[in-house]
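The values are calculated or read from the model by the stated rules, or taken from the named source; none is laboratory data. Quick caveat: nothing in here was measured; it's all calculated off a predicted structure. In this analysis, Cβ positions are derived from the backbone assuming ideal geometry, glycine residues included, and neighbour counts consider all displayed protein chains. Remember, those area values only see protein heavy atoms, side chains included, never the ligands or the DNA or RNA. Shrake-Rupley method; radii C 1.70, N 1.55, O 1.52, S 1.80 Å.
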Amino acid sequence: MNIVVLSGGVGGSRFIRGLLAATTPDDQVTVVANTADDIWLFGLRVCPDLDTVMYTLGAGIDTERGWGRTDETWNAKAELGAYDVPEAWFGLGDRDLATHLVRTEMLRSGAGLAAATERLCARWAPGTDLERIRLLPMTEDEVETWISTTVDDAPAEIHFQEFWIRHHAGVPVHAVTQRGIESSSPAPGVLQAIADADVIVLPPSNPIVSVGPILDVPGIRDALRSSDAPVVGVSPVIGGGAVRGMADQLLAGLGIENSAAAVGLRHGVLDGWLLDTADAHHVAQLEAGGVTARAVPLWMSDDATTRQLAVDTLALAAELCRG
Ligand code: GDP
Ligand code: CA
């Protein structure tokens, strides 16, 4: 079975671990990761979602924090703060810094982000879950999520990382734009992976800043719609609120109903959608919108529940194939 997963960072990589536990090494898993979180900092290209997937599956992640490297130290960050540089709010760890150095050096010498990602993954893959997946960026073009907000009573345009890390999503959201997306194109391998897929999965990733940008890269949404493979997804919203992260603030700011049904229908590509048992009353609304919906437990609390969620996702896909 060829499985393609369109993933953000933390929610997506947790789900992928469950998916690997629910499948066999004969199944090919291609992960297309969001790159609209990416940012230039101190001359370095930082790719938070690609790195979260790589470190999580490659056993390099700090499991407590859920992002960044295990056994991390923060000397460079402290030194940057001592120089009073404006971007010292970003959590650049010393070990993590090496990843950004290798990637940026490759990009500067003319390699694409897909090749840089492959090179970085080659270090982590042997003997880990990462060995079983192919990790692709959604695009090699620079796409960045920016938030229109108000800071200190003045209108401001800030990078998504500044919104999330510096302001802890505590400033209002007036608009969200993915700069550069209209002129971007899918990274090498992405459209082929979708065309070859038997199942396409939207894991429980942020609908506005993770899954949304991947679908909005010109060509990707059309590729999903014209694929014969069922497109199935897992709601990141449970009981009228996102489970972790800042999706609640984004949905509220954009005036989108914070429900598993509204978020699922909005993607416009789904054949099937899993919602939590607490949201079973939304099944009818989804089915009226042409999306087959099933209510199952969606909390990825531990390895067993996460694996079961992947089993349920593949079961829904199988049901849609037969139908
Ligand atoms: P990020 O890039 O690190 O923000 O990670 P993602 O975009 O991949 O995932 C973030 C989303 O995961 C959030 O919007 C959460 O609602 C969702 N999420 C996190 N944990 C869980 C969980 O246990 N179950 C479900 N259904 N969603 C979750
Ligand atoms: Ca992200």
Set R17, R65: member being more than 26 Å from I181 (Cβ to Cβ), within 15 Å of ligand 2 (Cβ to nearest atom) and of a type in the set (D, E, K, R): R65
Of residues in the stretch 280-295 being over 18 Å from A229 (Cα atoms) and touching a residue at least 12 places away in the same chain (Cβ under 8 Å), the one least open to solvent (accessible area, probe 1.4 Å): L286
Evaluate the following for G9: is it within 16 Å of ligand 2 (Cβ to nearest atom) and under 26 Å from S301 (Cα atoms)? yes
Kindly list, by first and then second residue, each pair from a residue in the stretch 139-154 that is in contact (Cβ under 8 Å) with a residue 12 or more places away in the chain to a residue that is open to solvent by 50 Å² or more (accessible area, probe 1.4 Å) and acidic (D, E), limited to pairs with Cβ atoms under 8 Å and residues at least 6 apart or on different chains. W146/E157; I147/E157; S148/E157; T149/E157
Of the conditions (1) away from ligand 2 (no atom under 16 Å from the Cβ); (2) in a helix (DSSP H, G or I); (3) open to solvent by 20 Å² or more (accessible area, probe 1.4 Å), D71 fails just one. Which one is it? (2)
Residue that is farthest from ligand 1 (Cβ to nearest atom) [pool: residues in the stretch 209-247 that are within 16 Å of I147 (Cβ to Cβ) and surrounded by 24 or more Cβ atoms within 10 Å (Cβ to Cβ)]: P213
Counting only residues that are within 13 Å of ligand 1 (Cβ to nearest atom) and among the aliphatic types (A, V, I, L, M), give me the strands (runs of 3 or more DSSP E) lying completely in the stretch 1-62 with at least 2 of them. 2-7, 28-33
Condition set closer than 20 Å to P186 by Cβ and open to solvent by 10 Å² or more (accessible area, probe 1.4 Å), scope the stretch 23-44, selection farthest from ligand 2 (Cβ to nearest atom): answer is Q28
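Here's the yes/no breakdown for (1) of a type in the set (A, V, I, L, M); (2) at positive phi; (3) free of Cβ contacts under 8 Å to residues at least 24 places away in the same chain:
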residue: L254; (1), (2), (3): yes, no, no
residue: H267; (1), (2), (3): no, no, no
residue: A278; (1), (2), (3): yes, no, no
residue: P297; (1), (2), (3): no, no, yes
residue: D303; (1), (2), (3): no, no, no
residue: T306; (1), (2), (3): no, no, no
Only one residue in L202, L250 is touching a Leu at 6+ places or on another chain (Cβ under 9 Å), open to solvent by less than 30 Å² (accessible area, probe 1.4 Å) and either touching a residue at least 60 places away in the same chain (Cβ under 8 Å) or within 16 Å of ligand 2 (Cβ to nearest atom) (or both). Which one? L202
